[in-house]
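Peer 1: Below are the structure tokens for one structure; questions will follow.
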Amino acid sequence: MATLEIRNLHARAGEHDILRGVDLKIEGGQSHAIMGPNGTGKSTLASVIMGHPRYEVTAGSVTLDGEDVLSMTTDERARAGLFLAMQSPAEVPGVTNSDFIKSAMNARLPEDENVSLFKFIRELDAAVDKLRMREDLPHRYLNDGFSGGEKKRNEILQMRLLKPSIAILDEIDSGLDVDALRVVGENVTEMKSSGFGLLLITHYQRILDYIDADTVHVMMQGRLVKTGDRELMKRIDADGYDWIKDELGIEDERVVPEGEDPASLGECAAKEAFEE
Ligand SMILES: Nc1ncnc2c1ncn2[C@@H]1O[C@H](COP(=O)(O)OP(=O)(O)O)[C@@H](O)[C@H]1O
Ligand SMILES: [Mg+2]
């Protein structure tokens, strides 16, 4: 069993309050989707769950199976079973993809244990095959020179091998063509079990044609403002988000108003933040 529970989570970056009271509970066997327009705090939520140092948690709690996640370092969170597939995975020249994955797998084992090389290679080959990735990708430097789609598949490769108890996939669909989307969808769906909870963050509903989400949330202004099922997803697909704003009396769904958003001002640091 795996349960991630987020209560009244508030977080800020610099002078901006970005998360403003997020409540969410994900249990093993469940898959939740968070949808929402750009700039509403979705990636920030993913980063805060994993402990990105750029964000300061100002209120609320995050627990995994009752353990306080917020007091853990990022690597402790990963070892506890949390996994994040980033919206824009970083390139790490000098570290091969397979070494990186093997180290991450070893880190999840007790200190005096290592994954057997034989078992690792067998699992890696099987996952590369299932993801229909080029066979040289595990042996190249991590994400270095990978295409957008290859980076996304590589995140799923890591997920398959690391077998997290809670996986957060941030815009895993962006940059994927329909065939790649299907492959990624099949691979994620195959992970489904009572020991695996999924949080799928997405801008467009089309990924939800390939990965079934039982609960759909809409994020605006740094909060989950609406929760429903596939019907809600279909309505968003057909009508967009304006009707939700009307219904809730929300004028601007973004957490940082236009003009004040450092990302739109093109400052370097903020640009970097925006790309994450
Ligand atoms: N580290 C940061 N510093 C300053 N502003 C940030 C930072 N991270 C995110 N923001 C701002 O917070 C808002 C929400 O960003 P984000 O969580 O990436 O939204 P989404 O993923 O929903 O598009 C944006 O306006 C973004 O520029
Ligand atoms: Mg985002």
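Peer 1: Does any residue of the range 253-263 turn out to be at pLDDT below 95, in a helix (DSSP H, G or I) and over 20 Å from the mean Cα position of the chain (by Cα)?
Peer 2: Checking the range 253-263: at least one residue is at pLDDT below 95, in a helix (DSSP H, G or I) and over 20 Å from the mean Cα position of the chain (by Cα).
Okay, residues lined up against (1) modelled with pLDDT under 95; (2) under 21 Å from the mean Cα position of the chain (by Cα):
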{"residue": "E67", "(1), (2)": "no, yes"}
{"residue": "R77", "(1), (2)": "no, yes"}
{"residue": "A85", "(1), (2)": "no, yes"}
{"residue": "P89", "(1), (2)": "yes, yes"}
{"residue": "A107", "(1), (2)": "yes, yes"}
{"residue": "E113", "(1), (2)": "yes, no"}
{"residue": "S116", "(1), (2)": "yes, no"}
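Peer 1: May I ask you to verify whether I236 is part of a helix (DSSP H, G or I) and at pLDDT below 95?
Peer 2: Numbers: part of a helix (DSSP H, G or I): yes; at pLDDT below 95: yes.
Considered against the rule, which asks whether it is part of a helix (DSSP H, G or I) and at pLDDT below 95, I236 comes out as yes.
Peer 1: What are the residues in the range 166-178 that are away from ligand 1 (no atom under 16 Å from the Cβ) and under 13 Å from the mean Cα position of the chain (by Cα), if any?
Peer 2: As a first pass, look at the range 166-178 and keep what is away from ligand 1 (no atom under 16 Å from the Cβ): 166-167, 176-178.
The answer is I166, A167.
Peer 1: OK, next. Select the helices (runs of 4 or more DSSP H) contained entirely in the range 84-188, then report the ones holding at least 2 residues which are under 22 Å from L200 (Cα atoms), charged (D, E, K, R) and in contact (Cβ under 8 Å) with a residue 24 or more places away in the chain.
Peer 2: Numbers: elements: 97-107, 117-130, 148-162.
Once the helices (runs of 4 or more DSSP H) in the range 84-188 are filtered for at least 2 residues that are under 22 Å from L200 (Cα atoms), charged (D, E, K, R) and in contact (Cβ under 8 Å) with a residue 24 or more places away in the chain, what remains is 148-162.
Peer 1: For V62, indicate whether it is modelled with pLDDT of 95 or more and either in a helix (DSSP H, G or I) or surrounded by fewer than 18 Cβ atoms within 10 Å (Cβ to Cβ) (or both). Outline the logic, then answer.
Peer 2: Details: modelled with pLDDT of 95 or more: yes; either in a helix (DSSP H, G or I) or surrounded by fewer than 18 Cβ atoms within 10 Å (Cβ to Cβ) (or both): no.
When the stated conditions are applied, V62 does not pass them.
Peer 1: Hey, any hits in the range 228-249 for a residue that's in contact with a strand residue (DSSP E or B) (Cβ under 7 Å, 6 or more places away or on another chain), buried (at least 22 other Cβ atoms within 10 Å of the Cβ) and closer than 20 Å to R20 by Cα?
Peer 2: no
Peer 1: I would also like to ask the following. For the subset of the range 227-252 comprising residues that are touching a helix residue (DSSP H, G or I) at 6+ places or on another chain (Cβ under 9 Å) and β-branched (V, I, T), which member is farthest from I26 (Cα to Cα)?
Peer 2: Looking at the filtered set, the residue picked out is I250.
Peer 1: Which of the residues spanning the range 35-46 are more than 12 Å from G222 (Cβ to Cβ) and either crowded, with 24+ Cβ neighbours inside 10 Å or modelled with pLDDT under 95 (or both)? Before the answer, list the steps.
Peer 2: Keep residues of the range 35-46 that are more than 12 Å from G222 (Cβ to Cβ), which gives 35, 37-38, 46.
Passing the criteria: M35, P37, N38.
Peer 1: Between residues in the range 33-48 that are in a helix (DSSP H, G or I) and residues that are acidic (D, E) and more than 6 Å from ligand 1 (Cβ to nearest atom), which pairs lie under 8 Å by C-beta distance while being six or more apart or on different chains?
Peer 2: Taking only residues 6 or more apart or on different chains, the pairs are K42/D170; S43/D170; S43/E171; S43/E276; A46/D170; S47/E276.
The values are calculated or read from the model by the stated rules, or taken from the named source; none is laboratory data. Only a predicted model underlies this, so the values are computations on that prediction, with no experimental measurement involved. A quick note on method: Cβ atoms are made from the backbone with ideal geometry, for glycine too, and the neighbour counts reach across all protein chains shown.
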